[in-house]
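The values are calculated or read from the model by the stated rules, or taken from the named source; none is laboratory data. Keep in mind that what you see is a predicted model, and the values were worked out from it rather than measured. All Cβ positions, glycine included, derive from the backbone under ideal geometry; neighbour counts span all protein chains shown.
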Amino acid sequence: MHDSLAVLLNGKQTASLRRTRSGRLELQYLDNSSSASLSISMKPRAKPHTGQVVSNWIDNLVPDDERLRSAWARDNRAASTAPFDLLATSIGEDCAGAVQFAPDAELSRLMSRGGTVDIVDESWIEARLAKLRNAADSWQNLDHSRLMYNIGGLQPKLGLHRLSDGRWAQPSGATPTTHILKPAPREEWPHLDLNEHLCLAAAGALGIASATTSYEHYGNESAVVVERFDRHCDNGTWRRLHAEDLCQALGLRPDQKVEHRGGPSISEIANLLRGNAATKEAGSRSVHRFGQALVLNWVIVGTDAHAKNYTLIHRPDGSVFLAPLYDVSSDLGHLRPLADIAELDAASMAMRMGDDYTIGSAASRNAWRGLAKALRANEDFLVDEAQRLISGFGDAVEAEISLLADDGLLRRGDQAYCGQMMTRIREWERHMAAMPVLRGRQAACSSGPSERTSAKKHSPAVQCNQRLPNGELCNRRLRHAVCPVHPTSPGSRQVQAR
Ligand SMILES: Nc1ncnc2c1ncn2[C@@H]1O[C@H](COP(=O)(O)OP(=O)(O)O)[C@@H](O)[C@H]1O
Ligand SMILES: [Mg+2]
């Protein structure tokens, strides 16, 4: 059993994590004058961070599901299911953000090993996805070999590295996973992968910074393929960008992710974003992005928008900004059984926007006054944004469905699902337009059927195509925003010209 782990940030040992005899955790920075911080909740300082804030931070790094932790502990020969013991195995080598863990004795091996990739083919991915879909404790490799990645959250996932020629590989060491493949859990939420892709693609099309996703098939399996925003390719070398979710940043336990269980309120999050931004303008941009995300989730009945579904990206100077949206799905797409409108109105959100947590209670003008106050934002902007998203969401989803159909990516079950989801979205659109906060504004802003965005106007993703020093082309896929690393590349210019 290990009692000390080296904590690496951007490939360099930054701190050490110690477990005392009593089981208490201590995190000691090696250089407290450095600006690079592991967390907003544990900034560099001379004395160690101890206790709950440390254990909460690592608890948030590993999956929530206890069955999954047990399977991981078994397959990776961890001493127990405690996050400390899980991170002491090979899964600690690739986590959210730029952090890596290694037992002290293995640190020099990890640092000198460099990175490796082990190519996998379509049938390997199909078999892995099939297993993941069907059992929550099945993240282990097919041959029970050790897992080399660790992604938190609730749903099963596959972390892989995509090479510039499009092939997939299992990475290790310095080479990170670049994508997350999330299949839909067959029993509970069939088509959740498609739902998530449609929501994120529509959010991106509506100008809200969102993770780039695609909907892909591997044999008989499908998954939403999410490009990681905490990885980037720098002159042909993949690097990790540091990031943490809001529960980590606030020192909270994973189960405090929703406000009514002790999670953060909207105003607490807005204050955190402003208080830790590089400049006043950068803070306002993050809060603006957060406000858009809240409005979007209200409009699409996104009830899962809790504190672990918002991430902060750390800059080298220790300041943070809000990452693009990820893990967005709409209850309008959960069609079993077809909930009626009253049920959707009563759906509970993860953060309180109105008198209570329900969608319906946030429909009053008063609620939006409160929201504007909590965000220190302009109330008219928020209401206009709600109007814009209500008018635009259905069209954007419809356009993405057309693109998927044109590309032959919708199988028979998918087509029926998309049809039902669109019917439900249109019904909800009409219902929302009549809500008190929006009544009277609809006529001015609505896009009637004749003005609806044509699917053909929606542009497919293009490749960045910046020539890299090693002669290869940057293969980042761009749809709505320029490449974050090569903003003047041919692909970025194409996106800008749209
Ligand atoms: N696009 C992304 N880039 C970087 N990290 C991500 C991305 N999407 C998800 N993650 C990380 O993986 C975790 C789990 O992913 P998420 O999609 O929220 O899964 P779940 O549906 O299980 O909650 C997130 O909390 C975040 O740390
Ligand atoms: Mg999540």
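Descriptive notes on the structure:
- Test set (1) of a type outside the set (D, E, K, R); (2) in contact (Cβ under 8 Å) with a residue 40 or more places away in the chain; (3) more than 30 Å from Lys43 (Cα to Cα) - His242 fails condition number: (3)
- Residue within the stretch 310-322 that is surrounded by fewer than 22 Cβ atoms within 10 Å (Cβ to Cβ) and among the aromatic types (Phe, Trp, Tyr) present: yes
- Check on Val287, in contact (Cβ under 8 Å) with a residue 60 or more places away in the chain, among the β-branched types (Val, Ile, Thr), touching a helix residue (DSSP H, G or I) at 6+ places or on another chain (Cβ under 9 Å) and surrounded by 24 or more Cβ atoms within 10 Å (Cβ to Cβ): no
- Condition met for Asp331 (within 22 Å of Leu382 (Cβ to Cβ), among the charged types (D, E, K, R), modelled with pLDDT under 95 and within 16 Å of ligand 1 (Cβ to nearest atom)): yes
- Qualifying residues in the stretch 233-251 (those that are within 13 Å of ligand 1 (Cβ to nearest atom) and among the small types (Gly, Ala, Ser)) - the one nearest to the chain's Cα centre (by Cα): Ala243
- Scan of the stretch 15-43 for residues that are within 29 Å of the chain's Cα centre (by Cα), without any contact (Cβ under 8 Å) to a residue 40 or more places away in the chain and in a loop (DSSP other than H, G, I, E, B), ordered by number: Ser34
- Selected residue [among the small types (Gly, Ala, Ser) and within 25 Å of the chain's Cα centre (by Cα)] from Ala374, Ala346: Ala374
- Among (1) farther than 23 Å from Lys257 by Cα; (2) assigned to a helix (DSSP H, G or I); (3) not aliphatic (A, V, I, L, M) - the single one His2 does not satisfy: (2)
- Residue check for Ile266: hydrophobic (A, V, I, L, M, F, W, C) and more than 16 Å from ligand 2 (Cβ to nearest atom): yes
- Among residues of the stretch 170-223, those that are within 14 Å of ligand 2 (Cβ to nearest atom) and of a type in the set (D, E, K, R), counted: 3
- Extreme residue, nearest to ligand 2 (Cβ to nearest atom), among residues of the stretch 280-326 that are of a type in the set (A, V, I, L, M), under 19 Å from Met432 (Cα atoms) and part of a helix (DSSP H, G or I): Ala293
- Residue-level check: of (1) surrounded by 20 or more Cβ atoms within 10 Å (Cβ to Cβ); (2) assigned by TED's automatic domain parsing to the domain that holds Leu30; (3) more than 27 Å from Gln466 (Cα to Cα); (4) modelled with pLDDT of 80 or more, Ser112 misses just (1).
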